[in-house]
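The structure under discussion appears below in the form of structure tokens.
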Amino acid sequence: MNIKPFEWTVLGVTLGYTAIFGAIFMTAGNSEFLWYIVTMLILVGLVALGQRKAEFPAWILWALSLWGFAHMAGGGVPVAGSVLYAHVVVPVYASGDFVFLRYDQFVHFYGFGVTAIVLWYLLRRHFPVLIGTTSILVFPVLGAMGLGAVNEIIEFIAVVVFPNTNVGGYINTALDLVFNALGAIVAMVLVRVFASRPEHQSAQV
């Protein structure tokens, strides 16, 4: 396999911070996030195996790696007696379990915005007939929302398997899904604005 230098760099950085946070979770006895590390390594493997067909550019790989780092930091960085995921970054509203904006919600917004861009890129690359259509923007949003639901299923499995998780309840799950959708929609709005500029019309992504 012909692996490009930037691909080695992204892979090395990603595996490096995963190993560091893995050690932190093991030391703290955090079995929940060890489960997430396994899931993340599977995703890294899938991206690596499909890279020669997908040919993701460096910026997409770095965006995915940043998402992974934000996720690891969310469970591994202690803040005010809890973890970063539970930290309220901007105190917009709070009533019982209904709290935002938390770090967790920013990560969902960003992560599934990146997911939508990945799906858009794949559609653009493998189905060029869709370029310039509404479908190439709508399908990534729906796909990202579907993958967001898969993420919630993984979190549900963590709740069932591991005691004392930080996943949250029904309202948290609903807010996660909302921020997944918002991130995907905003990402496709940005794609529509920037990809439609004249200098990008004939450019290869």
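Listing for the model above:
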| quantity | calculated |
| --- | --- |
| Difference of contour (0.36 nm per residue) and Cα-Cα distance, residue 4 to residue 160 | 52.1 nm |
| Net +/- balance of residues flanking residue 172 in space, Cβ distance below 10 Å, scoring K and R +1, D and E -1 | -4 |
| Dipole of region 5-201, positive direction: furthest Cα of 60, 157, 181, with charges on the beta-carbon | 60 |
| Residue of 179, 194, 33 that the Gaussian network model of the chain assigns the largest fluctuation, springs spanning Cα pairs under 10 Å | 194 |
| Whole-number percent relative contact order across the chain, with pairs defined as alpha carbons under 8 Å at least 6 apart | 20 percent |
| Net charge of neighbours whose Cβ lies under 10 Å from the Cβ of residue 84, counting Lys and Arg as +1 and Asp and Glu as -1 | 0 |
| Angle in degrees between helix 170-195 and the longest Cα principal axis of the chain, rounded to the nearest 10 | 20 degrees |
| Spacing of the two label points (7 Å from each Cα toward its C-beta) at residue 178 and residue 138, in nm | 2.5 nm |
| Dipole magnitude (debye, nearest 20) for the chain, charges at Cβ of Lys, Arg, Asp, Glu | 620 debye |
| Positive minus negative residues near residue 56 (Lys, Arg vs Asp, Glu; Cβ under 15 Å) | +3 |
| Tilt relative to the chain, helix 103-126 - C-alpha long axis, 0 to 90 degrees, to 10 | 30 degrees |
| Cα long-axis angle, helix 58-76 against the chain (0 to 90 degrees, to the nearest 10) | 10 degrees |
| Label-to-label distance, nm, for residues given as residue 62 and residue 43 (7 Å Cα→Cβ offset) | 1.9 nm |
| Shape of region 1-125, Cα gyration tensor, a/c cut at 1.5 | oblate |
| Mean residue ellipticity (222 nm) of the chain, computed from DSSP H runs ≥ 4 via -39,500 (n - 2.57), nearest 500 | -25000 deg cm²/dmol |
| Region 37-157, relative contact order [Cα under 8 Å, separation at least 6], % | 17 percent |
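Where a number appears in this text, it was derived from the coordinates with a stated rule and is not lab data. All values derive from a computational prediction rather than experimental measurement. In this analysis, Cβ positions are derived from the backbone assuming ideal geometry, glycine residues included, and neighbour counts consider all displayed protein chains.
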